[in-house]
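Asks: Before I ask anything, let me first share the structure, which is written out below as structure tokens.
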Amino acid sequence: MAESERQTGSPEEATPPLCQSFMIPKKEIHMVPDMAKWKRSQPIEKLMELLDTLDRWIDETPPVNQPSRFGNKAFRTWYAKLDQEAENLVKTVVPEYLAEAAPEVALYLKESVGNSTRIDYGTGHEAAFAAFLCCLCKIGVLRVDDQLAIVFKVFNRYLEVMRKLQKTYRMEPAGSQGVWGLDDFQFLPFIWGSSQLIEHPNLEPRHFVDEKVVNENHKDYMFLECILFITEMKTGPFAEHSNQLWNISAVPSWSKVNQGLIRMYKAEVSEGEGEMSVVSPDPACNSCLAGHSNLSDWLFCSSASASLPTQHLLQAGCRAPQSSYRPAILH
């Protein structure tokens, strides 16, 4: 009786699943980069692809021959392509139900690459990219889990593209204070880069003026990558062409450097004309940034140290592991 009941079972129960394979479990996560197999953030990947597109357009738009050494007019051709395609690029990052936000978000993207009339670039344009990222956070495209990748992956890639623009088209510094300014083009990577070095066991502020230390560690630390770019673009003694940074190298700790740079940014950038050109005075034109008329309100809500070097974070995929670092961009 029991045997006949077994024989009358359903065909599905008797048929084994097809195409099954088995393996003995083994450890797959040995280093931080191994996390990339499991931790992926599609918005971060799409932002990286967007920046790769901007990079490719530079290669497709070589500088033209002209009498003037600086401000190559080919930049205007490159910018015209971005101006035309910006909304479509943003739509590749945001989900379809947020497509209506694309025109507003795209404006910050276009403002973040420099001025096509003057062919210059400065901290106001950098602030526009921060506003672009803030918009994506505010509308929910980027999440808290993306916090490290936003700075050390997306913003780092943005810096690479901007440096390529500056070198290819010989862009002028916008609003530069010359030898008395921190840097001709950037400010935020010095703040986030100094935060990354807080509590570092070996590297101290005095080391960033050491050429050997910079050459050996610039790929791992955002601050040192900034120093390397300066030394590549400028000639002469460091103390003469970058006097502010030279003075900062005498500060005893990275935490004091970080705190001082935040105060400096608020005084010279976020409260100056640079930011005013990024955020419209009409709140209706800034729905994504509602409640954040001053970028520093959310840029520097907190400051702590990143426990991993940049190169490891870049290799770790889109969503970096948790650490004590909390880029205030997400607050």
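The values are calculated or read from the model by the stated rules, or taken from the named source; none is laboratory data. Being a predicted model, the structure only gives us computed values, none of them experimental. Every residue, glycine among them, receives a Cβ derived from its backbone with ideal geometry; neighbour counts consider all protein chains shown. These accessible areas exclude ligands, DNA and RNA; they are computed on the full protein's heavy atoms, side chains included. Shrake-Rupley method; radii C 1.70, N 1.55, O 1.52, S 1.80 Å.
Asks: Can you find, among 70, 108, 58, the residue farthest towards the positive end of the dipole of region 52-114? Put +1 on the C-beta of Lys and Arg, -1 on that of Asp and Glu.
Replies: It is 70, whose Cα lies furthest towards the positive end.
Asks: Follow-up question, since we're still on this one. Could you tell me the extents of region 142-226's C-alpha atoms along the three principal axes, largest first, rounded to whole Å?
Replies: Computed over the Cα atoms, the extents are 37, 36, 21 Å.
Asks: Also: Using a 1.4 Å probe, how large is the accessible area of residue 104, given in Å² and rounded to the nearest 10?
Replies: Rounded to the nearest 10, the figure is 30 Å².
Asks: Per-residue HN-Hα couplings for region 190-204, Karplus 6.51 cos²θ - 1.76 cosθ + 1.60 at θ = phi - 60°, whole Hz, x for Gly and Pro?
Replies: 6, 6, 5, x, 5, 4, 5, 9, 4, 6, 5, x, 10, 7, 10
Asks: A follow-up question, please. Filter 153/219; 138/266; 91/138; 138/164; 81/153 down to the pairs with a C-alpha to C-alpha distance above 19 Å, please.
Replies: 138/266; 138/164; 81/153
Asks: Sticking with this one: How large is ³J(HN,Hα), in whole Hz, for each residue of region 250-265 in order, when computed from phi with the Karplus curve 6.51 cos²θ - 1.76 cosθ + 1.60 and θ = phi - 60°, using x for Gly and Pro?
Replies: For region 250-265, the Karplus-derived couplings read 8, 5, x, 9, 5, 5, 5, 4, 4, 5, x, 5, 5, 4, 5, 5 Hz, x marking Gly and Pro.
Asks: Keeping every protein chain in place, order 136, 228 by accessible area at 1.4 Å, biggest value first, i.e. largest first.
Replies: Greatest to least solvent exposure: 228, 136.
Asks: Taking Cα atoms of region 47-107, Rg/Rh with Kirkwood Rh, to two decimals?
Replies: Computed over Cα atoms, the ratio is 1.10.
Asks: Could you check the spin-label model distance between residue 100 and residue 199? Points 7 Å from the Cα along Cα→Cβ, value in nm.
Replies: That separation, rounded to one decimal, is 4.4 nm.
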